[in-house]
Amino acid sequence: MPDEIIIIHDGSFKCLRSIVRRYSQRIRLLQLDHRFNRAFINNVGLQVAKYDLVASLNPNCVPQKGWLQSLVHQMRRQKNLMGAGGPLVEVHTDSLGNQYRCIHFEQSQGKHLIQNPNHLHSGNTIYRRKPILEM
């Protein structure tokens, strides 16, 4: 179970406030005035988080069972890691545009461990807060 859950909301999900109220003891909601890109939102999350390991899950991602435990395990096992990412399973294939994106902009890099990837997709990732903020 996470020590802290922060939802950074830009108004794109209308029923979010009622969900947050239901779990208000465990969730901290940050309301943004405008819509921002994913990098900006991830940076806000890193800045306001209280703990060393900060995981991120995009709103259009469907987490696989154990995704967070797996990422935390990798980070704790390898103290020199600054970040890690989990597999992305495409489930949004309902429209022609989404089908095109799934084929031509696939975000999954497979199920095997990749050391020093060129980049981490932002869908489900975890970072060490302090070194990222120092950069």
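The strands (runs of 3 or more DSSP E) located wholly in segment 14-99 that include 2 or more residues which are open to solvent by 60 Å² or more (accessible area, probe 1.4 Å) occupy 27-31.
Applying the criterion of being modelled with pLDDT under 80 and hydrophobic (A, V, I, L, M, F, W, C) to the residues of segment 1-19, the residue that is farthest from Ser70 (Cα to Cα) is Cys15.
Here is a yes/no grid of residues against (1) at pLDDT below 80; (2) under 22 Å from Ile41 (Cα atoms):
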{"site": "Gly83", "(1), (2)": "no, yes"}
{"site": "Gly86", "(1), (2)": "yes, yes"}
{"site": "Ser95", "(1), (2)": "no, no"}
{"site": "Cys102", "(1), (2)": "yes, no"}
{"site": "Gln107", "(1), (2)": "yes, yes"}
{"site": "Asn116", "(1), (2)": "yes, no"}
{"site": "Ser122", "(1), (2)": "yes, yes"}
{"site": "Ile126", "(1), (2)": "no, yes"}
{"site": "Ile132", "(1), (2)": "no, yes"}
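The residue pairs whose first member lies in segment 23-49 and is in contact (Cβ under 8 Å) with a residue 60 or more places away in the chain and more than 9 Å from Ile6 (Cα to Cα), whose second member is aromatic (Phe, Trp, Tyr) and open to solvent by less than 80 Å² (accessible area, probe 1.4 Å), and whose beta carbons are closer than 9 Å, counting only pairs six or more residues apart or on different chains, are Asn42/Tyr127; Leu46/Tyr127.
The values are calculated or read from the model by the stated rules, or taken from the named source; none is laboratory data. Just so we're clear, the structure is a prediction, and the values are computed from it rather than from any experiment. Note: ideal-geometry Cβ built from the backbone for every residue, glycine included; neighbour counts use all protein chains shown. Just so you know, the surface numbers come from the protein's heavy atoms only, side chains and all, with ligands and any DNA or RNA stripped out. Shrake-Rupley method; radii C 1.70, N 1.55, O 1.52, S 1.80 Å.
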